Each structure stands twice: as structure tokens, then as C-alpha cells.
Amino acid sequence: MHEGEFAIGQALVRRLVDGQFPQWRDRSLTRVPSSGTVHAMYRLGDDLAVRLPRLAEFGPALERELDLLARVAPFLPLRIPTVAARGEPTAAYPASWSVLQWIEGEPLSSHPVADPIDTATHLGEFVVAMRSINLPGESSPNQRGR
């Protein structure tokens, strides 16, 4: 997908999780098919997701996201994931990574939307709420990764 992308596979993710979070060693690990270009994602059991940046340059945005998720959640009309753990870089994977709460659902692109107006209204409310957040010390909430 990207030139210089980290080689992220199930065996690597299993080693990272088992090595840093042995309490989750017995949980199943399954790759999440995605069209995303920034992170690789794996389900960890039924209620967690492991997210790993595909390139080193995407690492700082992940760190920032982990710091901001809990701060922005109270201002949003929809649930967003909570951070379960912060993974540290290793010799095998040289970037930070995350374990987040899994929120059950389906991508909008995977099935017809029953009520497109209601769906668009909820999405619009989320975008408006997200853009209106003004946290102390933050220069702009409106840029990807910021």
C-alpha cells in the first residue's frame, strides 16, 4: 500500500500483545479487513481492537489520538473507543501502537442504509460536535491527527 510500510502480520501482532499484555494472551486475534491506509487493525477477543500505524510517520498521530480520545468523548453525540492499553515500540515493530475498546457495528459501505436521512443527520451532528470542541492547549481540532 505504502512504500516503506511496516510488515504487519498476525504473528507479529500476537508477539506484541503476548509480550506486552500477557493478560490477553488467550484471546483470539483476527485481522479486520479494511480499506484504511493509515493503520492495520486486528480484533483481540470480542471487545478489543489492536491498531498499528503502517508507517513511522503515522506514529505521532496515534500518540495524539490516544491522549485526546477520553478528552473529546464527553462532547460527542456518539460513542467513541476508549483506550485499553498503549503498546510500546520493539525491535520487531518500531512504533507505538494501541489497544482500544471495540465498538460493535458495520461499515456504512457494507449494507444499504435503512434511513439515509437519519444516518446523515447523526453523522452531521457528530462532525459539528467534533469541529466545535475547543480543548485548552490545543491549536486546532479540525486537522486530521490533531
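The values are calculated or read from the model by the stated rules, or taken from the named source; none is laboratory data. Predicted model only: the values in this text are computed from it and were never measured. Using ideal geometry, Cβ is built from the backbone for each residue, glycine included, and neighbour counts are taken over all protein chains shown. Just the protein is used for accessible areas: all its heavy atoms, side chains included, with ligands, DNA and RNA removed. Shrake-Rupley method; radii C 1.70, N 1.55, O 1.52, S 1.80 Å.
Residues of region 97-118 that are within 20 Å of Ser34 (Cα to Cα) and either modelled with pLDDT under 95 or in contact with a Gly (Cβ under 6 Å, 6 or more places away or on another chain) (or both): Trp97, Ile103, Glu104, Gly105, Glu106, Pro107, Leu108, Ser109, Ser110, His111, Pro112, Val113. Filtered by the rule that a residue be part of a loop (DSSP other than H, G, I, E, B) and in contact (Cβ under 8 Å) with a residue 40 or more places away in the chain, region 114-133 gives a lone residue, Ile133. Under 7 Å between Cβ atoms, at least 6 apart or on separate chains: pull out the pairs that start in region 13-33 with a residue that is of a type outside the set (S, T, N, Q) and end on any residue that is assigned to a loop (DSSP other than H, G, I, E, B) and open to solvent by 70 Å² or more (accessible area, probe 1.4 Å). Correct list of pairs: Asp18/Arg25.
Working carefully through the options Gly124, Gly59, Gly105, find the one that is of a type outside the set (Asp, Glu) and more than 25 Å from Arg31 (Cα to Cα). So that I can check it myself, show each step before the final result.
Details: Gly59 fails: more than 25 Å from Arg31 (Cα to Cα); Gly105 fails: more than 25 Å from Arg31 (Cα to Cα).
Unique residue meeting the criteria: Gly124.
Find the strands (runs of 3 or more DSSP E) located wholly in region 11-113 whose residues include 3 or more that are surrounded by 18 or more Cβ atoms within 10 Å (Cβ to Cβ), and list them. Quick ask: steps written out before the conclusion?
On the way: elements: 29-31, 39-44, 48-53, 83-87, 97-101.
Per the criteria, 39-44, 48-53, 97-101.
Okay, residues lined up against (1) charged (D, E, K, R); (2) out of contact with any Ser or Thr (no Cβ under 7 Å at 6 or more places or on another chain):
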site: Gly36; (1), (2): no, yes
site: Gly45; (1), (2): no, no
site: Glu88; (1), (2): yes, no
site: Ile103; (1), (2): no, yes
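When Tyr42 is tested against (1) of a type in the set (Phe, Trp, Tyr); (2) touching a helix residue (DSSP H, G or I) at 6+ places or on another chain (Cβ under 6 Å); (3) within 30 Å of Thr121 (Cβ to Cβ), exactly one condition is not met: (3).
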